[in-house]
Structures are given as C-alpha cells and as structure tokens.
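No value in this document is a laboratory result; all are computed from the given coordinates. Nothing here was measured: the structure is a model prediction, and the numbers come from that model. Please note: Cβ atoms are built from the backbone with ideal geometry, for glycine as well, and neighbour counts cover all protein chains shown.
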Amino acid sequence: GTYWYHSHTHLQEQSGVYGSIVVEPRGGEPVRADREQVLVLSDWTNFNPHEVMRMLMRGSDYFGLMRRNAQSVLGAWQRGNLKDYFQREWDRMMPMDVSDVGYHAFLINGQRQTLIEGRPGERVRLRIINASAASYFYLHSSAGPLTIVAADGPPVQPVQVERLFMAIAETYDVIITIPPSGQYELRATTQDGSGHASAFFGSGALKPASDPPRPNLYQMNEMLRLALEEQKDDPRASLNLPRPGSPYRVLKAVHDTTLPAQLPRRKITMHLTGDMNRYIWGFDGKTIAQEPYVRIKKGEVIELELVNDTMMHHPIHLHGHFFRLLMGNGARSPLKHTVDVPPMSRRIIEFEANEEKDWMFHCHILYHMMSGMARVFRYEDEVGANASLRPHTTSHDSPRSLAAAPADHSLHHAAGLGEHSHDMAYVWGAASLQSHMSEGLLTWMNPKNDLLLAWEVGWEGVDNPQYEIDALYQRYFNLNFQAFAGYRLTNDPDAKDRGLIGFNYRLPLMTWANLSLDTEGDARLTLSKRLQLTPRLGVWGEVFYDTGTEWEWTAGADYTLTRHTSLTLSYH
C-alpha cells in the first residue's frame, strides 16, 4: 500500500521533512495497472514555521489577505450576506474559515507542475499522498472520473468519483487511463480555493481541469450542509455537491474487516474542541500538556466516537493501528489510519488494541497538533489482569466529567512527551507612531496566560510628553472573558502610580467592555468596537469614563500595507 513518513519534531514537517513509502504486496496489486507513479501533495511557506505559529496565536489577519478571503463589511455586501455578517457579530462569533494558514505555493512532488508518464491507452496507478501541514485538497481530472482502488494503504473495492476531497495525511490510490490524444490535467485545488498544483498526462492540446467554487465564508450554514447531506440514505449524496465531502460512505473493503466478537468492547467519546481567538486546540477542552493520556488495555476493542464541536475540519490520525471507519458499510467497513471529521459532525471508528506501550493520536493539521490537539493512547495491563482501568470517557460519562476525578499522576503527568509536555508560548508586539501620540503593546502569551506591557505617550497640548505604562498579568478564561491585574506608571501631574485589577468582557456586536479599579480608588470603564470595512481598511472607536478625568473618546482608521506595517489615522 501507499504510506508516508515525516518528522514529529517541532514544526520540521512544514519545512519538508517527509517522504513516501510504498509497500508492494506479494503477488502484486489486486487491481492491475501498466505503470504507477507517486504524487506527494504539499503546501509551502516562505515564513519560518515558528513565525507561522506566532502569527496564528496572535490572531493576525495577514493570512486571510494572502488567501484573498479576509472577511469585511464590503465582502458581505457583495455576497448578499450583510445580514449574516452582523448576525454573527451580534452572536459574538469569530469569522469563519476553512483553513488557518496562507501559503506561498502548493506543490506536487516539490513542483507547482509535474508530468505523469505514460503512453496512450495505458492504465496508471497514481499513489497520491497529502503530506501538507495544513491544507486539504480537491482532486479533479479533466479526463473524467477518478477510480479509487486503495485508501490509506489497504485496497478497497473500485469506486469512481468526479472530485476527490482529500484530508491531510490521507493516501489514495487512483487509476487513470492515458488518453489517445490531448494533454489532460489532474488538479489539486486547496479547500479554501487559494491555489492549486497540477500534474499533466497525455500529449497534444491542453484540456485543463476545473476548480470547485470557492467557499462562501459569510453564509453561516454553508459549512453545515455537508453534515446534513451525509445523513441522507443515498451514500453518494455528499459526493454530488459542488464541494463534495470525503468519499467514506462509498469506500468498501475488499475483505470482511469485522473484529472478533469474543473481544470485550469499550466506547470512548472524545470532543474535538478549539478556540480560534487564542489558537488553542484540544480534545474535551484540554491540550495534551493538560491531559496527555488515554489508557487502553491490550485485547479489547475500542469504539471511538469523535464529535467535532468546532467550525473547522480536523484530520484525526492514530499511530500504529488501522481502524474500521463505521459509515454504514457493515462487514466491509474500510480500514484507515486517518479520518476527516467535518465541522459540527461526528465520526465513529473502532480498532482492536493489539499493540503495546504508547501511540500518538492527533489532529494532522500540524499547527493544531502543536497547539495541543493530541493524546497518547497508553497500553496498560491486558484484559483480565488485576490492574485497574480508568477510562478516559465512556458512554456514561460527559466529555468533561473526569475533570473532578481523583488525581492520577501516572495518567496526567506529561513528562517525557518532549515538546508536547508543555504548551507553546510566543512573544509579539505592535506599536504606532502618530503626529500627536504613540502607543504600543508587547505580549508574551501561552494558551491561557498573558504578560502585557502597554504604553501610551502623548505630546499634543502639553509642555512635556505624558506617558501611561501598564504592566499586567492577564488570565484567559474563554472567548468572551479575561481578568487582569498589574501596575500603572505615569508622569501625569494629576495622577499617581498605582496598582490595578479588572476584566475584559465581550458584548454583542463584538464590542469589548473593559472595567478596571485601582489602588487610589478610581475606576475606568471602556467600550471599544472595531469594524472591518474592506479586507485592508478597518475603523474603530472607543469611549471611556474615568472617575478622575470623566468622559473621553477616540476614533480612528487603519489600512494594512504589508505584514508588518499599516497607515493609521485617529482623533482623540
């Protein structure tokens, strides 16, 4: 079958530390071809991968500009979805997206374009590997349907699809026939429509493949349509969409894959959770550093229900095992090592625990895994031994009910997991220089904690520049609430240095309320709102009441020029 390898050290995979593995079966492949070729799909960034992670954690909008899908009021109006835009803001929902990272190139075997060898009439087996760090692909051939004959290595009953939706880490073997005349294209288009890579076969006049329609990120129910189609009786319902889903319901193993009935069975439910605002991803609301292990016993069958509570696809991968993907195909359920879990959907897989020791289980979006969306399946004593077994989650447990269970340090201690034993932390800053003032913010952050240094310096209408500097610790509780405490330094003759404490709370329409109290007995309430008019032009306003200075307000606009610079206009 078709497999691949890659580095699991830090973010090396993004830099190209991966390759293909082909295992030839004794007696040859069950579906014969005249020749074969490996096609490795990948995404490439000119940025250092750690810079990519830093940009994701700080919430930079630059990747949206790179992908040409940054959301704005103008974009919503042009799409006819202005009501949806402001409904989302009223509901305090972050803008939706189908991918996180903007890439500089998409490649097949390291090139934007490659050639598939073959003579007219030959059948070619294409061993396609999605080795991307963060990109799903749609594959389409201008020569007609693709015939799938293997998935994640093991063979499947041949089935044709017009457009193949391929999750990260998946492999598919497909059969094409070299046409008698004309050059045809196999195009791999990214899920977000931001780019593609091509493989050409045949000779003569070019007949290009087509891209699927780009997603409408303003329409709140579009991402849920796929989940509804998968509930229909027709197994090909989701494949007939302009943007089809994974072909799981039509994948059938060539042999019976039923697991031994005499083995004990146990159900585990895991919720896929995330917070795009902080770029925290995990299972059951916890990162691998917070909850490293899922304990299983050799000799049992694990039925694993994966419930996606997020608005993004997640390619979930299990090391060292093949699992049965339960999508209505009974005894012919296919064997896979990676499964795509669409937004607000669920997948059920099952596998026999027939290995030993520790095996990684994680989202194969590299930046999701490194920000916490991983676990280790740890083998304990075999079934029937006297050792106790504490399940991670059973059908009788709520996904988070085990948080109150007694501490088990052998289960929860993350030492020995390398970079996964602690949450990632990054430093970033921003500063502006204007005609009347300067302000800035320096931040150290990990998923739940911030160290902040904020400053404002003004020189208009005063003899000497006046400054206010806040040094704060901030604790992140959820998308809408953070609390902070720290110290304020100032040279304002009407104020003193002081300690302060307060919180931020997100109101409807994505309006932030900030309330702080200081050791001098003063209070300050601030309301602030930002509105993105175009992908590059944003406006903002702020009004605050201070018990010392009473009412003040400020408003402004900024226009993004590059990744690091923008033009700013403000009035106070």
Looking only at aspartates and glutamates whose Cα falls under 13 Å of residue 357's and that sit 8 or more positions away or on another chain, we get 380, 381, 382
Scoring the stretch 113-218 by relative contact order with C-alpha pairs under 8 Å, at least six apart, yields a percentage of 33
If every Lys and Arg gets +1 and every Asp and Glu gets -1 at its Cβ, then about the Cα centre the chain yields a dipole, in debye to the nearest 20, of 2000
Kirkwood radius from Cα pairs of the stretch 52-186 plugged into Stokes-Einstein at 4 °C, 1.567 mPa s, gives D in µm²/s equal to 72
So, relative contact order of the chain in percent, Cα under 8 Å, 6 or more apart, is 11
Total charge of the residues flanking residue 61 in space, meaning their Cβ is under 13 Å from its Cβ, with Lys and Arg +1 and Asp and Glu -1, is +3
On each of the three principal axes the extent of the alpha-carbon atoms of the stretch 137-199, given in whole Å and largest first, is 33, 31, 15
Once phi for every residue in the stretch 471-477 is put through the Karplus expression 6.51 cos²θ - 1.76 cosθ + 1.60 (θ = phi - 60°), the whole-Hz ³J(HN,Hα) values, with Gly and Pro written as x, are 10, 10, 10, 10, 9, 8, 9
For residue 83, counting only aspartates and glutamates whose alpha-carbon sits under 17 Å away and dropping same-chain residues fewer than eight positions off, the answer is 91, 222
Among (i) 1.91; (ii) 1.03; (iii) 1.09, the entry matching Cα Rg over 2.2 N^0.38 Å as calculated here is (iii)
One can check that the equivalent ellipsoid of the stretch 426-571, built from the alpha-carbon gyration tensor with semi-axes equal to the square roots of five times its eigenvalues, has lengths in Å, largest first, of 23, 21, 16
The FRET efficiency for residue 554 and residue 113, from their Cβ-Cβ distance with R0 = 60 Å and rounded to 0.05, is 0.70
Applied in sequence order to the stretch 37-43, the curve 6.51 cos²θ - 1.76 cosθ + 1.60 (Karplus, θ = phi - 60°) yields integer Hz couplings, x standing for Gly and Pro, of 8, 8, 10, 9, 8, 7, 10
Here the gain from full extension of residue 79 to residue 567, 0.36 nm per residue of separation minus their alpha-carbon distance, amounts to 172.9 nm
Residue separation between residue 277 and residue 531 times 0.36 nm, minus their alpha-carbon distance, gives in nm 89.8 nm
Given the candidates 4, 482, 361, the one whose Cα lies deepest towards the positive end of the charge dipole of the chain, counting +1 at each Lys or Arg C-beta and -1 at each Asp or Glu C-beta, is 4
Residue 539 and residue 24 label points (each 7 Å along its Cα→Cβ direction) are spaced in nm at 6.8
Unit-weight point scatterers at every alpha-carbon of the stretch 1-72, Debye formula, q = 0.17 1/Å: log10 I(q)/I(0) is -0.80
Hits in the stretch 465-481: amide N under 14 Å from the 7 Å Cα→Cβ extension of residue 442, namely 469-472
Dividing the mean separation of Cα pairs under 8 Å (6+ apart) by the residue count of the stretch 426-571 yields a relative contact order in percent of 11
For the stretch 110-169 (alpha-carbon point model, no solvent) the Debye-based log₁₀ I(q)/I(0) at q = 0.30 Å⁻¹ works out to -1.48
